[in-house]
Amino acid sequence: PLHRAPRITGEALASIIYSSGTTGDPKGILHDHAARFMYGVGFAQAFGIDRGSVCLLSTGAFSNGGGLMLLPALDS
């Protein structure tokens, strides 16, 4: 039988990024799908990333830095 992918809303939790605690104790910061999407769109616009752009990710996409650098390429 075919399985349907779940519907994901913009308000649904996308990730939890842990801060180093520079302004207090370390803590988890919740990011929803809408915030992650808008980051990718804004970053792509700011740096001129479009469908013809090439993305070379030299770090793992599992890390916050690597994942955030990959988003503009996926959103464009």
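The values are calculated or read from the model by the stated rules, or taken from the named source; none is laboratory data. Not measured: the values here are computed from a predicted model. With ideal geometry, Cβ positions are generated from the backbone for all residues, glycine too; neighbour counts draw on all protein chains shown. Ligands, DNA and RNA are excluded from the accessible area calculation, which covers all protein heavy atoms including side chains. Shrake-Rupley method; radii C 1.70, N 1.55, O 1.52, S 1.80 Å.
Below are the figures for this structure:
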| read-out | value |
| --- | --- |
| Relative contact order (percent, whole number), the chain, Cα cutoff 8 Å, 6+ residue spacing | 26 percent |
| Cα principal axis extents for the chain, largest first, Å | 41, 39, 21 |
| The chain, accessible surface, carbon-and-sulfur percent (1.4 angstrom probe) | 62 percent |
| Loop-located chymotrypsin sites (Phe, Trp or Tyr not before Pro) in region 22-76 whose Cβ has at most 10 other Cβ within 10 Å (DSSP) | F62 |
| Cleavage-rule hits, trypsin sites (Lys or Arg not before Pro), the chain, DSSP coil, Cβ neighbours within 10 Å at most 13 | R4, R7, K27, R51 |
